[in-house]
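Coordinate-derived values only; no laboratory data. Because the structure is predicted, anything quoted here is derived from the model rather than measured. Here the Cβ is made from the backbone with ideal geometry for all residues, glycine too, and neighbour counts use every protein chain on show.
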Amino acid sequence: MFDFLEFFRKYYYLLVFLVLEAVSLLLLFRFNHYQGSVWLTAANGAAVGVNRIYDDAVAYGNLKTVNQQLAAENLRLQLESEALRKELGQLQRDTIKLDSLTRAKMPNFHTQPATVVSHTGNSENKFLVIDQGERDGVRPEMGVVGGNGVVGIVYMTGPNYSLVLPINNHKCSISCRVRGQRYFGYLQWDGHDARRAYVDDIPRYAKIKAGAIVETSGYSAVFPPGMFVGKVRKVRNSADGQSYRLDIDLSIDLSTVRDVHIITTPYKPEIDTLRTRAEQALGAS
């Protein structure tokens with residue numbers, strides 16, 4: 001109590017001044033229309049500014065959820081687009097729709113979301129670390145895609161995290177094709193630009209132009225067909241001169257990718273078992 005009285009005594013004149021100033025301003029704005037309107041305009045402007053800052057902060061906080069939703073929707077649309085292209089091609093060859101309901105179904109692939117938590121490795125051997133591991137059902141050789149296309153393949157798994165071999169790694173090889181054509185090859189990184197790769201072994205009679213879309217071929221159990229990989233930048237001769245090499249501009253920027261999806265298929269274990277049995281049988285013979 002003594003401290004309070006001492007404080008009041010010391011700042012008595014200042015407190016009286018502030019009280020009188022507040023009363024005078026109240027009387028000024030309340031009984032003078034012009035000054036009152038100026039005060040209301042300024043107060044409303046300040047309130048609008050505060051509300052805008054609050055709304056921007058809330059929107060920024062929701063960006064992660066929005067990005068995950070967009071990545072999932074983009075993946076769904078890519079798969080659906082490939083299914084529709086298949087059905088359209090079949091209808092053009094056969095007007096009798098004996099199995100139309102089966103063809104209209106999506107490929108038997110499942111996806112689960114994941115987040116890229118870090119990048120590791122050197123410039124030639126890059127890896128991505130995602131926050132899904134063996135406890136989440138992730139296994140090596142599962143495909144990983146983002147909202148803009150193929151990211152890479154799961155290389156190694158731990159209990160809670162996995163290491164992804166991205167498409168701009170020398171060890172990564174993905175079967176690709178040119179959309180609308182039957183020509184396919186294996187995507188390889190060019191070793192220089194992180195956004196560029198190439199596809200070899202394209203027949204010389206193939207008519208492919210710059211700008212053609214390159215997508216997964218579906219000739220493996222890792223990726224379904226039709227997943228966007230990139231676009232043809234240039235068509236040139238391969239190293240042996242017997243075929244074409246397609247220089248590819250990759251669709252995804254791995255330095256900024258964060259929200260991804262892991263692709264799984266229930267029949268991959270069966271394919272792996274058959275492959276192992278075949279290798280054992282050939283080795284025994």
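Its residue count N sets the reference 2.2 N^0.38 Å, and the alpha-carbon radius of gyration of the stretch 108-266 equals 1.02 times that reference. Ordering 128-138, 222-232 by mean Cβ neighbour count within 10 Å, with the highest value first, yields 222-232, 128-138.
Summing Cβ point charges (Lys, Arg +1; Asp, Glu -1) relative to the Cα centre of the stretch 108-266 gives a dipole of roughly 640 debye. Only one residue of Gly149, Ala194, Ser243 has its Cα farthest out toward the positive end of the dipole of the stretch 108-266, where Lys and Arg carry +1 and Asp and Glu -1 on Cβ, and that residue is Ser243. Please label the shape of the stretch 227-281 as rounded, prolate or oblate, based on the square roots a ≥ b ≥ c of the eigenvalues of the alpha-carbon gyration tensor (a/c under 1.5 means rounded; beyond that, a/b larger than b/c means prolate, else oblate). Verdict is oblate for the stretch 227-281. Potential lengthening of the chain between Arg135 and His119 amounts to 3.6 nm, from the contour at 0.36 nm per residue minus the alpha-carbon distance. Under the simplified labelling scheme, the Thr276-Arg179 pair shows an inter-label distance of 3.8 nm, with each label point 7 Å from Cα along Cα→Cβ. Packing-based ranking of 178-186, 162-170, 194-202 yields 162-170, 194-202, 178-186, ordered from highest to lowest mean Cβ neighbour count within 10 Å.
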